[in-house]
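This report concerns only the one structure given below.
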Amino acid sequence: MVFSWLLRKIATHWSHEGKQTKLNILTYHRVGEHFSEKNPKSIHWALFALQIKWLNKYFNILPLPIALELQAKNELPPRAVCITIDDGYRDSYDYIFKTLQRENVKAAFFISTQGLSKGGLWDEDIYVAIFNAPEEIKQLNIDGKFFDISNFDRRVETRYQLTEETKYLPLKQRQKIVDEIRSQTGVALQPNNFLSAEQIREMHQAGMTIGAHTHSHPILVKEDDNVAFDEIKQSKTILEDIITQPIDYFAYPNGKFKQDYDQRHIDMVESLGFKAALSTDWGSLADYQKERFKIKRFTPWDKTEFKFILRLAMNYRKS
């Protein structure tokens, strides 16, 4: 009891700066049913469910639109947090959405819409090709650079290495690498592992916020301005057709200001009528009017209640 009281007291104190209340926005991506050695960086369902319980216990979880409106008016309750999920893979529905419903929590889902037609995004293409490559294939030769896939551990390493190296290529070059990986492994198609339009509608009708996350998940600074604008606009248009409501919020792919997007893309987002946009730079939101098109987010990586809550409380101090 003393332990819980103390954590709440700390979080309450740090969520205020003078007369201003701050907002912590958490960001998640993939949640697996169990821990997977193929996806050691993904959070598993049981831990995600625990984290939602911890958040309910110590913080005031608000829907993103309401939280941003209250922050703009400086009327946030103490210890205010929001939950966001990026990309749009099917675990967003199977595990995340179901957990949120059980805990009576609303969250925002930012979806890269190419996955609706392809069954996944480019990173999943790499994952599927490497882990389904025949055992007799021991290495890949990608643009003269060799990648070891001779055993399971090497495949895990190569999957992450290729994903990181391919991420910052322009879309056309990225697709060329993905096609080459498919060709060398003989794995042509990935299974459908993405949200469906029906699931997105169901989530929206249940009170979840649906946001845009570009169409193909490019690094915006690596694309020509016309490509970047079309990527942002296309995702907004597709999602508005699905839920028949305006899409008001956007999350930048990868999301580091100046590294992944810059002022040009902020201007594009604003010109397309979005109310706000979220980054992945760490920090809290202290001034909505000043920061609304590059709002910071943060998620603690700790697996124990005390460390998770304390680290999230400490994030209020970073804006």
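Each reported figure results from applying straightforward, stated rules to the coordinates on display, with no laboratory input. Model, not experiment: these values are computed from the prediction. Cβ placement follows ideal geometry from the backbone for every residue including glycine, while neighbour counts extend to all protein chains displayed.
Some observations on this one:
- Pairwise label distance in nanometres, HIS34 with GLN20, each label 7 Å out on the Cα-Cβ vector: 4.8
- Segments 47-53, 202-208 sorted - mean Cβ within 10 Å per residue, highest first: 47-53, 202-208
- Normalised by 2.2 N^0.38 Å, where N is the number of residues, the alpha-carbon radius of gyration of the stretch 161-214 equals 1.59.
- Tilt relative to the chain, helix 122-131 - C-alpha long axis, 0 to 90 degrees, to 10: 60
- For THR113, the amide hydrogen comes within under 5 Å of the amide hydrogens of HIS213, HIS215, counting only partners 5 or more places away or on other chains and with H modelled in the peptide plane.
- Pairwise FRET efficiency - SER271 versus ALA46, Cβ, R0 = 41 Å, nearest 0.05: 0.45
- The stretch 121-185 shape via C-alpha gyration tensor axes, a/c threshold 1.5: prolate
- Relative contact order of the chain, defined on C-alpha pairs under 8 angstrom at six or more residues apart (%): 21
- Entry note: the stretch 120-268 has Rg to Rh equal to 1.03, where both radii use alpha-carbon atoms and Rh is the Kirkwood radius.
- Largest to smallest principal axis extent of the C-alpha atoms in the stretch 206-281, angstrom: 35, 25, 20
- For GLN259 and ARG102, a Förster radius of 30 Å and the Cβ-Cβ distance give a FRET efficiency of 0.25, rounded to the nearest 0.05.
- Net length gained if the chain between GLN245 and GLU69 were fully extended (0.36 nm per residue, minus Cα distance): 61.5 nm
- VAL227 versus ASN141: modelled label distance in nm, points set 7 Å from Cα along the beta carbon direction: 2.7
- ALA197/LYS53 FRET efficiency (R0 35 Å; Cβ-Cβ; nearest 0.05): 0.70
- Full-stretch length increase - LYS9, SER150 - with 0.36 nm per residue and alpha-carbon distance subtracted: 45.5 nm
- Convex hull volume per residue, computed on the Cα atoms of the stretch 1-119, equals 125 Å³.
- The stretch 271-319: translational diffusion in µm²/s, Stokes-Einstein, Kirkwood Rh over Cα pairs, 10 °C, 1.306 mPa s: 134
- Structure-derived volume of the Cα convex hull per residue in Å³: which label, when the choices are [x] 128; [y] 162; [z] 176: [x]
- When you count the other C-beta atoms within 10 angstrom of each residue and take the mean per peptide, 189-196, 13-20 line up highest first as 189-196, 13-20.
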